[in-house]
Amino acid sequence: MKEQIKKLKEEKDAIILAHYYVEPEIQEIADYVGDSFYLSKIAATLPNKTLVYCGVSFMGESGCMLSPDKKVLMPDAKADCPMAHMVTKEEVDNARKTYEDLAVVCYINSTAEIKSWSDVSVTSANAVKIVKNLPNKNILFIPDKNLGRFVAEQVPEKNVMLVEGCCPIHHAITAKEIRELKTSHPDAAVLVHPECSEEVTALADYIGSTTGIIQYASSCKEKELIIGTEIGVLYELKKRNPDKTFLFPTTTPVCQDMKLITLEKILHVLKTGENQIGVETKLADSARKTLTRMLELAN
Ligand code: 13P
Ligand code: SF4
């Protein structure tokens, strides 16, 4: 199957992009693997005609809006991030009515429609930097209340308002499980994603994006690391650090949507061109502005 994928990729001038949360065998065959920021940044720079996004739909949508001349294929059209829908237009409209200088900051884990209501997109890798540098004092951060709270803590000079959205996978990681791991491995460092709850981030030595966690784990002196994020990162962590031990909560954090991506499905979309993602022109124009603003501000 891997050989067939390789051959078809060349024939169709296609490139495979994968998030660190997809299965190891997908990361192994992907041309580029990264976190959400990397995957959005790289899309516009690739010369290929077709991009196959091994991840969830907001990733393909973002790739499609940033590279409108390319064909963007999703191996599984049902792979979606539940958090990407967790805010209503009414919540955004109400905040806009209340605060004249409001900036609506949306996590990239959001639908194109939610992006179109917003002023700028962010990822977990650049949210603090971007919010800090916005001229607005009042910020509505949507839809992730956990990343939003983390940003608010780092940027106390701003009034950051939140909604009730969250990642069900990261939010389910408990402080109790992290504490138990710390008790059995007292020398281990605790590295967690900002999508985790306040109780969990309070126990961390490092809080950062998926790539941030991988980089920190690879450069820190500790040989044992407690990881509070999705299990898919283990593949890259082990690859870069064969001498280190990685400990995950016993209730393993698994994003079932990311795991929907299989080699069979990649082969199928490459063969048939099915599951091409498209965003209606007017919506794409409006949503794209938040992504291009993110890329400008992140630089
Ligand atoms: P990052 O890729 O920004 O670390 O986000 C994690 C995530 O949950 C992606 O869906
Ligand atoms: Fe969404 Fe969480 Fe899955 Fe990321 S890990 S795609 S935020 S549900």
Practice task
Tell me the trypsin sites (Lys or Arg not before Pro) within the range 191-264 that lie in a loop according to DSSP and have at most 16 other beta-carbon atoms within 10 Å.
Solution key: K221, K223, K244
Fill in the blank from the handout: For the range 117-126, Karplus-derived ³J(HN,Hα) couplings (6.51, -1.76, 1.60; θ = phi - 60°; whole Hz; x for glycine and proline) come out as 8, 9, 9, 7, 9, 9, 10, 5, 7, 10
Problem - Among I42, I108, I178: highest mean-square fluctuation, GNM of the chain, C-alpha pairs under 10 Å - result: I42
Problem - Proxy reagent accessibility, fewest Cβ within 10 Å first, across M161, M59 - result: M161, M59
Practice task
Give the percent of DSSP beta bridges with both residues in the chain that are antiparallel, rounded to the nearest 5.
Solution key: 5
Handout entry: Percent RCO, i.e. relative contact order, over the chain, from Cα pairs under 8 Å lying at least 6 residues apart
Key = 23
Problem - Global form of the chain, assessed from the alpha-carbon gyration tensor, a/c cut-off 1.5 - result: oblate
Exercise for the section: Pop a pseudo-label 7 angstrom from the Cα along the beta-carbon direction at both A202 and A172 and give the gap in nm to one decimal. Expected result: 2.3
Practice task
Note down the nm distance, to one decimal, between modelled labels 7 Å out along Cα→Cβ at E113 and at H268.
Solution key: 2.6
Problem - Exposed GluC sites (Glu not before Pro) absent: longest stretch of the chain, with sites in DSSP loops and at most 11 other Cβ within 10 Å deemed exposed - result: 165-279
Practice task
Springs between alpha-carbon atoms under 10 Å, Gaussian network over the chain: tell me which of K132, K282, K70 tops the mean-square fluctuations.
Solution key: K282
Exercise for the section: Be a star and scan the range 199-217 for residues whose amide nitrogen sits under 17 Å from the point 7 Å along the Cα-to-Cβ vector of T45. Expected result: 211-212
Handout entry: Of K41/K129; K115/K271; K182/K221; K2/K70; K132/K223; K182/K238, those spanning more than 26 Å from alpha-carbon to alpha-carbon
Key = K115/K271; K132/K223
Practice task
With label points built 7 Å along Cα→Cβ from the Cα atoms of E25 and E296, find their separation and express it in nm.
Solution key: 4.5
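Each reported figure results from applying straightforward, stated rules to the coordinates on display, with no laboratory input. These numbers come from a predicted model, not from an experiment. Virtual Cβ from ideal backbone geometry, glycine too; neighbours counted across all protein chains shown.
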